[in-house]
Structure formats: structure tokens, C-alpha cells
1. Can you find, within region 90-125, the residue that is nearest to F78 (Cα to Cα) among those that are among the β-branched types (V, I, T) and surrounded by fewer than 21 Cβ atoms within 10 Å (Cβ to Cβ)?
2. Inspect all residues belonging to region 14-21 and state whether any of them is open to solvent by 40 Å² or more (accessible area, probe 1.4 Å) and out of contact with any Ser or Thr (no Cβ under 6 Å at 6 or more places or on another chain).
3. Just checking, does region 152-171 include any residue being at pLDDT below 95, under 23 Å from V51 (Cβ atoms), open to solvent by less than 80 Å² (accessible area, probe 1.4 Å) and in contact with a Phe, Trp or Tyr (Cβ under 8 Å, 6 or more places away or on another chain)?
4. Have a look at D125, D102 and point out the one that is under 12 Å from I33 (Cα atoms) and among the acidic types (D, E).
5. Report yes if I72 is open to solvent by less than 60 Å² (accessible area, probe 1.4 Å), closer than 17 Å to A156 by Cβ and among the hydrophobic types (A, V, I, L, M, F, W, C), otherwise no.
6. Given region 96-205, what helices (runs of 4 or more DSSP H) lie entirely inside it while holding 2 or more residues that are polar (S, T, N, Q) and without any contact (Cβ under 8 Å) to a residue 40 or more places away in the chain?
Amino acid sequence: MSEQTPWHLRPMAALDTETTGLSADQGDRIVEIGVAQFDNGESVETWGSLVDPECPLPKDTTRITGIRPEDIVGQPTFALVADEFLRRIEGRLLVAYNASFDRAFIIEELARAGKSLPDGAIWLDPFVFAKEIQRGQGNMKLVTVAKRLGIELDAAHRATADAECAGKVLLALAADLPGELEELIDLQDRWQAKQQAERAAWRSRRPRGASQQVMQHF
């Protein structure tokens, strides 16, 4: 495909993870992974798998996702699905809602399996774009952003459904975004830096001693 092809018509792999917690670098693990492939702006195939996290499943994970300890009995470890996951994303733009979260977990799990993401993988984050395009319209949870765009999400907090929804959200926002991939990446970088600065300023204004609020995975 030509480099002149608009980004929204290029092959994309939208992905999502469900996890045992929020800290990939502190031992939390993936319990479900999903990938939705998009070609020419259309969802063409989805794939997902429950994953044995090789650790106890926290009650909060069950409360949020509905995944129960008995559901992961006999499921493959991430190492056993890593090759299939990499095959599903090969040669595609990678899309994830709040991408830094999923990327961190996937990098850690692939490293445990002796593997890595494709060199030069390009990530697009609908969360960053939605925060600017829908600024002032309400919360930025995936299900809420999707609803404002007329996109249904019937199985929120399940990896395959969330992955496909994230891809559809990004494509629905395309009309308000640059068509050139390089311009889109530059805009994403600028908007993300702006949002990080806003969050840092918000934190600095909080009363001393205020309890920390955990950033939920969307």
C-alpha cells in the first residue's frame, strides 16, 4: 500500500487487554487479549483469547470484567498465544484506547516469552483524539465516547469487544483529523503532551494529603 494512502484506509489492528491490575512493571498480568483487524476502514476479523495469568485472579478483575477464576482454568499462558497475537498485528498500524496501558502490558508479556513487538510499530490512541474532539462533552470512557459517536459496545471490559470498538471510534473521528499519517502522529504527540501537562497541573492543585485516585483502564 502506498505511503500516500490515507491512514484510515491502511491495515490496522485494534487491540485491548484485560489484566489483573494496573501496573505491568509490578507483576500484574494479562488475563484476556483481543485483536480486531481493519482493512480499508472496515472491521474484517476479530480474534481473542482468555489467558492464564499464572497468578491468582483478583476480585476486582472479576467485578470489572466478569472473568471468573474458573474461566481461566485450562486456558493458555500468554507465551502460548504470543505468536498468534504477533501474526494478527503484523504489518498493521496498532490502535488501542489509552494505548500506553496496553502497550506496557504487551511488552512485558512478550518479553517473558522471549519475543517483542514489530520494529517500528506505530501506535494510534483514540483516547488522545477523543479528549480534544469531544472536550467538554462528558467523561472519556470508551463506552461513553463510543455512544456519543453512535457506536454500540455491548460487552464493555472484554478484550475483543473493546478492541473492535476502539478501532471503530478512531475511524469515526477520522473526519476531524488529518488524513496524512505523519500529520496524524504529530498531532497525537502534541495533544498527548498537552493533556499530560493539564493532568500534571491538576495534580499540583490538589490539597496536600489528598488520597490518590487510581487511573482506571478504559
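The values are calculated or read from the model by the stated rules, or taken from the named source; none is laboratory data. Computed from a predicted model, the values in this text were never measured in an experiment. Because the Cβ atoms are built from the backbone with ideal geometry, glycine has one as well, and the counts that use them run over all protein chains shown. Heavy atoms of the whole protein, side chains included, go into the accessibility calculation; ligands, DNA and RNA do not. Shrake-Rupley method; radii C 1.70, N 1.55, O 1.52, S 1.80 Å.
1. The extreme case among them is I107.
2. Pass one, region 14-21, residues open to solvent by 40 Å² or more (accessible area, probe 1.4 Å): none.
No, there is no match, as no residue in region 14-21 is open to solvent by 40 Å² or more (accessible area, probe 1.4 Å) and out of contact with any Ser or Thr (no Cβ under 6 Å at 6 or more places or on another chain).
3. no
4. D102
5. Numbers: open to solvent by less than 60 Å² (accessible area, probe 1.4 Å): yes; closer than 17 Å to A156 by Cβ: no; among the hydrophobic types (A, V, I, L, M, F, W, C): yes.
Spelling it out, it is not the case that I72 is open to solvent by less than 60 Å² (accessible area, probe 1.4 Å), closer than 17 Å to A156 by Cβ and among the hydrophobic types (A, V, I, L, M, F, W, C).
6. Of the helices (runs of 4 or more DSSP H) lying wholly inside region 96-205, those with at least 2 residues that are polar (S, T, N, Q) and without any contact (Cβ under 8 Å) to a residue 40 or more places away in the chain span 181-205.
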